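The values are calculated or read from the model by the stated rules, or taken from the named source; none is laboratory data. Please read these numbers as outputs of a predicted model, since none were measured by experiment. A quick note on method: Cβ atoms are made from the backbone with ideal geometry, for glycine too, and the neighbour counts reach across all protein chains shown. Protein only, heavy atoms only, side chains kept; ligands, DNA and RNA dropped before computing areas. Shrake-Rupley method; radii C 1.70, N 1.55, O 1.52, S 1.80 Å.
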Amino acid sequence: MSDPRITSSIFTRGAVDLSALRTPAPAPARPAAPAQSVPSAELPGTAAGGGVAVIDVSEATFQSEVLERSLTTPVVVDFWAEWCEPCKQLSPVLERLAAEAGGAWVLAKVDVDANPRIAQMFRVQGIPMVYAVVGGQPIDAFSGVVPEAQLRQWLQAVLKAGGVSVAEPEDPRLDEADDALMSGDLDAAEQAYRKILAESPADAAAEAGLAQVGLARRVAGAEPGAAITAAQANPDDVEAQLLAADIEVLSGQAEAAYARLVGLVRRTAGEEREKVRQHLVSLFTVAGPEDPAVASARRALASALF
């Protein structure tokens, strides 16, 4: 499964109506003891500092434990049943991640056999089924068992949607690739970055790392001073200008490198111009899209092109 999420449009169309759960349900013929929040110390998922990380929820407690709690803290609702083998794979992972989160979000477990009305309201057709509830409304969901790496990404998106400041988790794959790059093993670094991009095509850090590998290969064996001097003496020599820009980026003068290549775009045409443009874009990738200098240079590039 490439993406555990399903579109939130089913929620915005009103397909999931929780209004009936906001009022107490009719009393059963034989009153049962109300479900209680399970103390965190008794659960495998215990929030740092002793706070509740995992709670068992019934229809009687759904409004307070899920809807009202979600007004301040994102709540992840896990629909499960004792007979469900896939649930036994997913639920322990959710509980562990809830404990790791330290109270940033709460896991609410709903036994569908004991609480069929809640499952009906959420239109649960199969389990395990997991919903994220923020601000009193479901915002996202997935069904089935998903890899932990994807589950972490989904939870990150839920926290951001809930306005929770999220520190991006460290990725051991990136650490390995970065170590290879820093040690000068460019082949290993390239292989590692490409593997990450095959698994996560939009990974900006891996894209930047791969661009750095290309940059390191281009400047290998070059003498910085001589390269800059040659570029100054030959302003229309495309190869000399590209190498000088690479050296400027590596020496911390990225803005000068961008300006150099934007100027070259203005002075060239056809295939040469496209070559310079692509080279400049690769240098943007090294810095990353959030770099202010990149944003400014992109505007200058657009002006030079059009």
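Got a sec? Which of A149, A114 is under 20 Å from S64 (Cα atoms), among the hydrophobic types (A, V, I, L, M, F, W, C) and surrounded by fewer than 21 Cβ atoms within 10 Å (Cβ to Cβ)?
Answer to the check: A114.
Yes/no per residue for (1) of a type in the set (F, W, Y); (2) part of a helix (DSSP H, G or I); (3) out of contact with any helix residue (DSSP H, G or I) (no Cβ under 8 Å at 6 or more places or on another chain); (4) more than 30 Å from W105 (Cα to Cα):
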| site | (1), (2), (3), (4) |
| --- | --- |
| V158 | no, yes, yes, no |
| D187 | no, yes, yes, yes |
| E190 | no, yes, no, yes |
| Y193 | yes, yes, no, yes |
| T229 | no, yes, yes, yes |
| A245 | no, yes, no, yes |
| V249 | no, yes, no, yes |
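Suppose the filter is open to solvent by 50 Å² or more (accessible area, probe 1.4 Å), in a helix (DSSP H, G or I) and farther than 17 Å from V276 by Cα; does E207 pass it?
So E207 passes the test.
Looking only at the stretch 269-285, decide whether some residue is within 30 Å of W154 (Cβ to Cβ) and in a helix (DSSP H, G or I).
Yes, that holds for at least one residue.
Just the residues that are in a strand (DSSP E or B) and open to solvent by 30 Å² or more (accessible area, probe 1.4 Å), please, taken from the stretch 135-146.
Q137, I139, S143
If R217 satisfies every condition in (1) surrounded by fewer than 16 Cβ atoms within 10 Å (Cβ to Cβ); (2) in contact (Cβ under 8 Å) with a residue 24 or more places away in the chain; (3) in a loop (DSSP other than H, G, I, E, B) but one, which is the exception?
Condition (3) is where R217 drops out.
What residue, of E223, E255, E274, is touching a helix residue (DSSP H, G or I) at 6+ places or on another chain (Cβ under 7 Å) and open to solvent by 10 Å² or more (accessible area, probe 1.4 Å)?
Unique residue meeting the criteria: E255.
Would you mind telling me which numbered condition in (1) over 29 Å from L97 (Cβ atoms); (2) modelled with pLDDT under 90 D171 fails?
Of (1) over 29 Å from L97 (Cβ atoms); (2) modelled with pLDDT under 90, only one is false for D171: (1).
Just to be sure, is A300 in a helix (DSSP H, G or I), open to solvent by 20 Å² or more (accessible area, probe 1.4 Å) and farther than 20 Å from G184 by Cβ?
So A300 passes the test.
Could you list, in sequence order, all residues of the stretch 251-268 that are over 23 Å from P224 (Cα atoms) and either free of Cβ contacts under 8 Å to residues at least 24 places away in the same chain or part of a helix (DSSP H, G or I) (or both)?
R266, R267
State whether one or more residues within the stretch 35-50 are within 24 Å of I139 (Cβ to Cβ) and at pLDDT 50 or above.
No, the conditions are met nowhere in the stretch 35-50.
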